[in-house]
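Okay, here's the structure, questions in a sec.
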Amino acid sequence: MSKQRKKETEEIASAAQPTHYNLVEHDDEHTLSSNPLVPIHNPQSAQPPVETEAAEIKETSKVAGGIPAIVATFKHALLQMGVRRSLKTLLAVNQKDGFDCPGCAWPEPDGERYHAEFCENGAKHVASEATRKRVTFEFFKEYSVAALSKESDYWLEQQGRLTHPMLLKHEATHYEPIGWDEAFSLIAAELNALASPDEAIFYTSGRTSNEAAFLYQLFVRQFGTNNLPDCSNMCHESSGSALTETIGIGKGTVTLEDFDLADAIFIVGQNPGTNHPRMLTSLQKAKRRGAKIVHINPLPEVGTTRFLHPQEIFHLLGKGTTLADLFLQVRINGDVPLLKGIMKEILEEEERRPGEVLDHEFIKENTEGFECFREALRAVAWDDLTEQSGIARGQMREAAQIFINSNRTIVCWAMGLTQHQNAVANIQEIVNLLLLRGQIGKPGAGACPVRGHSNVQGDRTMGIWERPTETFLNSLSKEFGFEPPRCHGFDTVESIKAMHDGRAKIFFALGGNFLSATPDTEYTAEALRRCRLTVHVSTKLNRAHLITGEQALILPCLGRTEIDVQSSGQQFVSCENSMGVVQASHGSLEPASPHLLSEPMIVARLAAATLGKRSNVDWLKLAGDYDLIRGYIERVVPGFEDYNRRVREPGGFYLPNGARERRFKTSSGKAHFTVHPLPRHELESGQLLMMTMRSHDQFNTTIYGLDDRYRGIRNGRRVVFLNPDDMKEAGLAQGQLVDLVSHFNGEERTAPRFVVVPYSIPRRCAATYFPEANVLVPIGSVAEKSNTPASKSVIISLRPSVNSTSEDNG
């Protein structure tokens, strides 16, 4: 043991008093009453504190990337990591012998890669994880949970990496250090005291590796439940539901190479400049060789308007590449009428030129339901389509002509489509569009849901799902010799409701910031407070650590950037990107603390402590050699044959994708046309339809800064973007403070003190940042079939703010 590690070990040993814990007693034998009048401990607000200074409104950026992106990248990197560490770390991001960026899931080229294969936001994410700042147990001595809850999400993020496992005892005000063995014993005792395994919730973040995810779901199912909600429930669950029904696989059908072949690319409900900046490189290449790009979104986004590649040194002083040929500024949730309008134009063009527009052979041989689809579309009135989408028929015709003239078309989308009550219909209309001209299962064409977290797709492939298939469960049973539970578990929304009404009593999160990522912040906070125990496996401090059950644990883990050494030697993990490529990820930095455990080891030690002799799995042996985990994966999960050899090949390997080869694993063996009604939002006078979104200084719930230079916002996040005519009608002025009030089934929720920002957005629409506006998203407002929170379709009204102090949190 090194002198430094010995010193830190002695420090933690001396700081941690022997922990004697007992199950918190309840009148009903370890159950928590569902009576909403039961007093709740830990009463501090779950919402981020209101900013003391209002955000400033500046000029929006005219181009994405360029010198500002370079400056922002190195500002964040140098501040967090220093010069030498920044160079070492950033040059390893997304390299074939390096580590997978812990940010978004956009893929890397199969062949040659840039020496700097990262974007501005990826660099921010890496710098955040690889920071030299530390949150030690002394930090928690200084700050009570109540004091920390008064700090902003940005401040919490800036404190640094967690270094020790920490325990918040029942009715305690401060977290205190706890040994790993004691932590696992505490969790195991609480889990084993439950009346049913279904009283425990096991959440997963998209950062979790394939190896950790597989081990995690195996433990949870051997424990006896399918309660495996994950972050996908809140983002692309709608994509999975829509695609599985229509083309037989819940994933996209394109590869990165297809972008080099496409004649047209439609980008719908997505802002790649902020959320997937490396995608701009593919769009720029496509545009330069003549491809047409159509952007469909309620807000114009600079990332699809003009792009200056930061690595093209001799072009940095130029104007950049114009990307979108056509921008359709659709109303919020006007995508179904818009897509119907485009398809109606395509059908009418086919009637004018029979046999020249539609791919009749593809439709006949590979699809079903076309006649019903065509007749339903013919019956829709043009006035309804233009009024509800906000797009003139001439613009729909222009988009239709781009689609008709393209022999190879890709349609991309993200959460702008997936977080509405009719989200599944949104995506199935995209499938309808692609099927009309056979744009699935051929080079340069297909469906492209762009995932938001680096391994969210891989986690689902590994079995992180509350509704596993019988095929998967049978394979698991055969390989491990146990009978897994067959009843479906709780997804994210169902988990929150179960905790709220007392049906679930323990919450365990493998990564993520659950409180800030979920809808209906105060309802979710109350649900967490009603738990007996909440546990978070984390790298950084976040708000989810501050709204807790009767007892709470923070378990610090290794990050993607860090060296992982186990009993058999140095390990690597693997991830699956948005296009189904599985590749290795090798950390290269020394761990932030000698007290960190890897996620596979945390899962293994928890499983061993909880299951004991009930399990025939040698958990610690698996966690000591990840090749053994991958050996099990290849025997349980289709497509992973010879996993250990293939994942070591530079660039990894592609998973099988039947739809990519026009093999549709649906009930009929064919792709399905579907018919959907037009969604309707009945807005009363003074009401707006609000969507939540990220700022440019943000990745998911992680806040890197308080600016959004692409939209002209500086030093603040509590802003609401409004149409200038709506502002005038409501008597509002730029910079005025308003309270946002959401309306759902007679309920009202309020978020105070947002700065009014005039912006290019359709009438009666509004946009705000999450997580600040998540408090407005009702827990009961969800997408049909997928149960995804409808965070992009929130009916709100505005009220002038009254004078309030910085401690008013709503």
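Which entry in (1) 88, 75, 46; (2) 81, 64, 59; (3) 101, 71, 65 is this structure's computed Cα extents along the principal axes in Å?
Among (1) 88, 75, 46; (2) 81, 64, 59; (3) 101, 71, 65, the one derived from this structure is (2).
Of the beta bridges DSSP finds with both residues in the chain, what % are antiparallel, to the nearest 5?
Antiparallel: roughly 45 percent of the beta bridges in the chain.
Kindly provide the trypsin sites (Lys or Arg not before Pro) of the range 45-90 that DSSP labels as loop, not H, G, I, E or B, and whose Cβ sees at most 14 other Cβ atoms within 10 Å.
Those that pass, being in a loop and sparsely packed, are K58, K62.
With each label point set 7 Å from Cα along the Cα-Cβ vector, what nm distance links K613 and T173?
It is 4.7 nm.
Which value, in debye to the nearest 20, gives the size of the charge dipole of the range 74-225 about its Cα centre, when Lys and Arg are +1 and Asp and Glu are -1 at the Cβ?
Roughly 680 debye, rounded to the nearest 20.
Mind putting a number on the dipole of the chain about its Cα centre? Charges go on the C-beta only, +1 for Lys and Arg and -1 for Asp and Glu, and I need it in Debye to the nearest 20.
The dipole of the chain has a size of about 1820 debye.
Could you rank the peptides 632-643, 339-350 by their average count of other C-beta atoms within 10 Å per residue, with the highest value first? Display every interim value, and only then the final one.
Details: 632-643: 17.7, 339-350: 21.8.
Final packing ranking: 339-350, 632-643.
Continuing with this model, one more query. Where nothing but the Cβ of Lys and Arg (+1) and of Asp and Glu (-1) is charged, how large is the charge dipole of the range 231-389 around its Cα centre, in debye to the nearest 20? Display every interim value, and only then the final one.
Details: 17 positive and 25 negative charges, 186 e Å.
That gives a dipole near 900 debye.
Something else: I'd like the trypsin sites (Lys or Arg not before Pro) in the range 679-731 restricted to DSSP loop residues with at most 14 other Cβ atoms within 10 Å, sorted by number.
Of the trypsin sites (Lys or Arg not before Pro), the ones in loops of the range 679-731 whose Cβ has at most 14 other Cβ atoms within 10 Å are R680.
Still on this structure, please answer the following. For every helix of n ≥ 4 consecutive DSSP H residues, a contribution of -39,500 (n - 2.57) applies; sum these over the chain, divide by its total residues, and give [θ] at 222 nm rounded to the nearest 500 deg cm²/dmol. Numbers along the way, then the final one.
Details: 29 runs with 270 residues, N = 810.
Taken over the chain, the calculation gives -9500 deg cm²/dmol.
Another question, if that's okay. By how many degrees, 0 to 90 and rounded to 10, does the Cα axis of helix 423-436 deviate from the longest principal axis of the chain?
40 degrees
Angle, helix 470-480 long axis vs. longest principal axis of the chain, Cα atoms, 0 to 90°, nearest 10?
Roughly 30 degrees, rounded to the nearest 10.
So, one more: Can you compute the modelled spin-label distance between Q401 and Q734, with each label point 7 Å from Cα toward Cβ, in nm?
Each label point is offset 7 Å from its Cα along the Cβ direction, giving 3.6 nm.
For labels at K285 and H315 in the simple 7 Å Cα→Cβ model, what's the distance in nm?
1.3 nm
Also: Would you kindly find the accessible area of T60, with a 1.4 Å probe and non-protein molecules such as ligands, DNA and RNA excluded, rounding to the nearest 10 Å²?
Probe radius 1.4 Å; accessible area of T60 about 50 Å².
What lysines could a cross-link reach from K287, if we take a straight Cα to Cα line under 19 Å and drop same-chain neighbours fewer than 8 places away?
Hits, sequence-local ones excluded: K62, K319.
No other cysteine beta carbon under 4.7 Å away is the test; run it over the chain and list who passes.
C101, C104, C119, C231, C235, C372, C487, C531, C557, C575, C765
Leaving out ligands, DNA and RNA, what percent of the accessible area of the chain is carbon and sulfur, probe 1.4 Å?
Its accessible area is 51 percent carbon and sulfur atoms.
Got a sec? Charge dipole of the range 206-290, +1 on Cβ for Lys and Arg, -1 for Asp and Glu; which of S232, T253, V268 is way out at the positive end?
V268
Let me have the relative contact order for the range 456-572, percent, based on Cα pairs under 8 Å that are six or more residues apart.
Details: 139 pairs, mean separation 20.3, N = 117.
About 17 percent, as a whole number.
Let me ask something else about it. Report relative contact order for the range 276-375 in percent, whole number only (criteria: Cα-Cα under 8 Å, sequence separation at least 6).
Working: 78 pairs, mean separation 22.6, N = 100.
Once normalised by length, the contact order is 23 percent.
When we measure straight from the Cα of K670, which lysines land under 25 angstrom away, once same-chain ones fewer than 8 places off are left out?
Of all the lysines, those that pass the test against K670 - Cα under 25 Å, at least 8 places apart if same chain - are K251, K340, K344, K364, K442, K785.
Any idea how many Lys pairs in the range 76-205 come in under 18 angstrom at the alpha carbon, given 8 or more places apart or on separate chains?
Details: K88/K96; K88/K124; K88/K133; K124/K133; K133/K141; K141/K150; K141/K169.
So the count works out to 7.
Next question. Scan the range 161-269 for GluC sites (Glu not before Pro) in coil per DSSP, keeping those whose Cβ has at most 16 other Cβ atoms within 10 Å, and list them by number. Mind dumping the intermediate values first?
Numbers: sites: E171, E182, E190, E199, E211, E237, E245, E257; in loops: E171.
Qualifying residues, ordered by number: E171.
Kindly sort K292, K287, K505 by accessible area of their heavy atoms, largest first, with the probe set to 1.4 Å.
In descending accessible area the options line up as K292, K287, K505.
Same structure, new question: On C-alpha positions alone, give me the angle between the axis of helix 180-192 and the longest principal axis of the chain, in degrees, nearest 10.
On a 0 to 90 degree scale, this one is about 70.
The values are calculated or read from the model by the stated rules, or taken from the named source; none is laboratory data. Predicted, not measured: the structure shown is a model, and the values here were computed from it. Methodologically, a virtual Cβ is constructed for each residue, glycine included, from the backbone with ideal geometry; neighbour enumeration extends over all protein chains shown. Please note that ligands, DNA and RNA were not included when accessible areas were found on the heavy atoms of the full protein model with its side chains. Shrake-Rupley method; radii C 1.70, N 1.55, O 1.52, S 1.80 Å.
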